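Reviewing the structure listed below.
The values are calculated or read from the model by the stated rules, or taken from the named source; none is laboratory data. What you see is a predicted model, and the numbers here were worked out from it, not measured in a lab. Glycine also receives a Cβ, built like all others from the backbone with ideal geometry; neighbour counts cover every protein chain displayed. Only protein heavy atoms, including side chains, enter the accessible area calculation; ligands, DNA and RNA are left aside. Shrake-Rupley method; radii C 1.70, N 1.55, O 1.52, S 1.80 Å.
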Amino acid sequence: MKYLYTLFFSTFISFNLHAQGILKGNAVYQITYFRSADGKPKEDRNPAVVIASAKQNLITNAAILNHKAKYPYEQSIVNKPDQILYQVADLGADNQIATADSTTIAKQAFELGTETKVILGYTCKRATTVVNSNRIDLWYTADAGIKAAPTSLGQGLGLVLEQVRNGNSYITATKIEEVKKVKPIDLEKISAKLTDGLTYKDLLWKSRFITLNVFNNETINFVDKPRSNDSVFRFAGGTVITRKVKFPALVNPTVFVDLTEKSNGDAYDRTGSVFIIPTDKKISLMDALKNSVKELPVYDIGNGKKYQGVVATADYDPVIELMRFFTPFGVGKYNTLKLKDKNWAEQVYYRQDVSELFPLMNGKEAWVAVFIGNYDKGGHQVSLNITLHNGGRPKVAKEVILPLFNSTNVMEMAGQEYATMFSSDKGLEVSFTLTNDLKDAKLRYITTGHGGWGNGDEFVPRKNTIWLDGKEAFAFTPWRQDCGSYRLSNPASGNFESGLSSSDLSRSNWCPGTVTNPNWISLGDLKAGTHTIKVTIPMGKPEGGSSSAWNVSGVLLGQE
């Protein structure tokens, strides 16, 4: 808070230790509070500090006072006697926002108890309130002669020397010192930056992480000649959009993919995928998107079909799937299909944690793409953001991330074969070579079954088996029984005589309008050398002109 430093601390001369007793009404005091939880001090060891006077209370912390706080940081000012709460946030060196609230403190209600405890020589009484289902106990004294608190709570009670949340999280005063020759903060300068409370909270929240805006209201549809521009490229009849994104270099951030989707004409539940296109080998999906699917290496199981770009080879890496999602039945465009007591969603929001894959993009440029399989001229409209949040993940010495397979035919509308290789006992098989031993290896595995008729694998549970070097490593039956929970995202869903909607039906690991979460399959420690992973699924047989298929993707993760 640049000008608060100037006004408040240019005359910040000395401290005098003050013993318990009535404090001088015309003096200014610094009260220091330490934080603890479950009997242990907080790791940051950054004490809260209140600068209290007859006219103002500044609620801040030691890092801000010592000019060591990292952006963004926030301080509060309580103006007396009208009890107006000012909140001021520094988002950057020259970016400050503020808001004012004249009702928050006045509306506070407390249950006053009879218990007492002694803190810093003062006999304190307890006042209790509830905030968002959290019990807050404030221990305050009326004997000090001033009113202040380490948060906005209890500013009118007296001098709050301890705040306790849910009985185990403490903010406790450790000393009170008098400050000489201090000028009050100039609230007129702060008032010039005021915004409403919701805008203030939103700007502060967004400043705490990095947002990469990848796509904004882009159409994914099927047309003869899709049009690209200088940043967003369209391929496969417009059903794949891609853009090169520069990722910042960060240390172990938590990373999320955020996608919103609504129908722009297509009323059906379609397979969607957000993925990264690796380009560090001789061949990449970008070559096929620009030229022809024939550019991709072929996986052949001897059934007469050519499965393009499915498994990793010496010259090619398959796409790295960040998020598998499924469009609902016509949300947005078809909200005009009214049903009594059904208030349709305006769009669908998908959010997925992809932190484990971030090292592949850390500090690099990468092609980020979205695919939605459809043959509709209107298609779908999507927006995509990637958010990066500092901290939250343990540091790993050296992470290994190997894309192994992806059978989702993201170039479906440009002739890429459907994933029917599971009709053979060979299934899907890929070999890979480790230069060094790999600790705690895991397969990040996403699987969904397709075949949209009564006996198709969309509606029939099928066991997925993962084999490592010829031995069964893991087996499970992927199945979703919660699809009915998303009825309000599916206005164009068909309704049956039984009273069910099509969107209610259970499916092979997906529901219309939802994300399919990855399965984490433990493979143990792997020795350096060549290994083989195979996926087998007892896929259902074709009926007439209809065939089942399984979209599976796998990325190997571990530590050297």
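Regarding region 441-560, what's the average projected area of the Cα-atom convex hull, expressed in nm²?
Averaging across all directions leaves 9.3 nm² for the Cα convex hull.
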Using a/c under 1.5 as the rounded threshold, could you call region 45-106 rounded, prolate or oblate? The axes a ≥ b ≥ c are square roots of the C-alpha gyration tensor eigenvalues, and prolate needs a/b larger than b/c, oblate otherwise. oblate
Dividing the convex hull volume of the Cα atoms of the chain by its residue count, what figure in Å³ per residue is obtained? 205
Read phi for every residue in region 49-56 and hand back ³J(HN,Hα) as whole Hz from Karplus 6.51 cos²θ - 1.76 cosθ + 1.60, θ = phi - 60°, with x for Gly and Pro. 9, 10, 9, 10, 9, 5, 9, 8
For region 167-300, just the Cα set please: Rg and Dmax, both in angstrom. 25.6, 83
When the distances between all Cα atoms of region 438-488 are binned every 5 Å from zero, what whole-number percent does each bin get? 5, 14, 19, 21, 16, 11, 7, 5, 2, 0
How large is the direction-averaged shadow of the alpha-carbon convex hull of region 491-560, in nm²? 8.3
Counting sequence-distant residues (5 or more places) and residues on other chains, those with an amide H built under 5 Å from that of PHE474 are ILE466
Proximal aspartates and glutamates to LYS262, defined as alpha-carbon separation beneath 14 angstrom and excluding residues fewer than eight positions away on the same chain: GLU218, GLU346, ASP376
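For region 351-472, take N as its residue count and report Rg(C-alpha) divided by 2.2 N^0.38 Å.
Cα Rg divided by the expected 2.2 N^0.38 Å: 1.33.
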Convex hull over the Cα atoms of region 138-222, averaged projected area in nm²? 11.5
Helix 197-206: angle to the longest alpha-carbon principal axis of the chain, degrees 0 to 90, nearest 10? 60
Nearest 0.05, what FRET efficiency do ALA142 and LYS107 give at R0 = 22 Å with Cβ-Cβ as r? 0.55
If one computes the Cα centroid of region 483-560 and of region 189-235, what distance in Å separates the two points? 30
Cysteines without a disulfide-compatible neighbour (Cβ-Cβ under 4.7 Å), the chain: CYS124
Normalised Cα Rg of region 287-332, dividing by 2.2 N^0.38 Å with N its residue count, works out at 1.56
Could you provide, to the nearest whole Å², the per residue accessible area of the chain with probe 1.4 Å? 47
Region 197-252 - Rg (one decimal) and Dmax (whole number), Cα, Å: 16.4, 49
Cα-Cα over 25 Å, subset of LYS244/LYS442; LYS244/LYS395; LYS175/LYS395; LYS24/LYS117: LYS244/LYS442; LYS244/LYS395; LYS175/LYS395
Over the chain, what percent of the accessible surface lies on carbon and sulfur atoms, probe 1.4 Å? 48
May I ask you to order 343-351, 534-542, 372-380, 548-556 by the average number of other C-beta atoms within 10 Å around their residues, highest value first? 548-556, 372-380, 534-542, 343-351
